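Student: Got a structure for you, written out below as structure tokens; questions coming shortly.
No lab work stands behind these numbers, since they all come straight from the coordinates. This one's a predicted model, so the numbers in the text were calculated from it and none came from an experiment. Using ideal geometry, Cβ is built from the backbone for each residue, glycine included, and neighbour counts are taken over all protein chains shown.
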Amino acid sequence: MRQLLLSWNMWWCGPAISMEASNPETVGGMPPKLPKKPTRMPTCIKCGGKNIEGAESCSQCRWPFSRRAWVTSDKKIQRITLDTGCINVKKQNADLNTLERWAAENRIVLERSAAMLQELKGNARIEKAQSLPGHPRIFNLGNALGDGVLAGPDIPKDLQKILFPTARPLTTKQRADIEHLRLHIRTGGDVFVTLNPRDFIRRGRQAVFASFGVWVMAPKELVALLRDLNGWH
């Protein structure tokens, strides 16, 4: 954990975020016990705005950095990226079943990254993944119709420092994990849903991500949040 705190620098002018800046009571679990660090200026993943350490939402675009901020925010969780392990072929995960039902009711959109199809095995899983919409195209001047979404920051090295700070070299699976989350951020997704808490959530990772607006949740967490915010059943 010490290595995770001390080693990684984000894309905004270099300084590291103190993991104590997050709001752990609202993003799951106790705060990690870390050495104190000087106050830094976190950047919002959505708009690039600078914010004071510990901010619960972006001072410019109001994107939430804490669950408490979602309650009063006018922002909506709409686009959700599924990690590879969330391809729920056998319908055995009740929370993924709920998310799929809400998607069928057009309340949310479940998306897959381009990296998913490269990683998946098994015809049934591949077929189900192919039925999901992929991430939208990134807007650029070369798009004939000018469609697509504005590109978010492209930060694979920073994600590696958060997810796998001591891995040398990265395994194939670790590279795939980084790529899934990279594409989620790059295409402006709202929440990344995973059944892999060891790599994406535990040891303070979830709190670090939330502190600059990247929401990584287990299906159960997201279902609970959407029910609280919207009164859905």
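Student: Taking R0 as 45 Å, what's the FRET efficiency between residue 233 and residue 167 from their Cβ-Cβ distance, rounded to 0.05?
Tutor: 0.60
Student: Quick one: if you stick a label point 7 Å off each Cα along the C-beta vector at residue 97 and residue 151, how many nm between them?
Tutor: 4.2
Student: Now, a different point. Check which residues have an amide H placed less than 5 Å from residue 134's amide H, if you skip close sequence neighbours.
Tutor: Hits under the 5 Å cutoff: 112.
Student: Next up: If the limit is 24 Å between Cα atoms, which of 75/161; 46/90; 91/161; 50/76 go over it?
Tutor: 75/161; 46/90; 91/161
Student: Could you list 121, 50, 157 so that the one with the fewest beta carbons within 10 Å of its beta carbon is first and the one with the most is last?
Tutor: Fewest to most other Cβ atoms nearby, the residues stand as 121, 157, 50.
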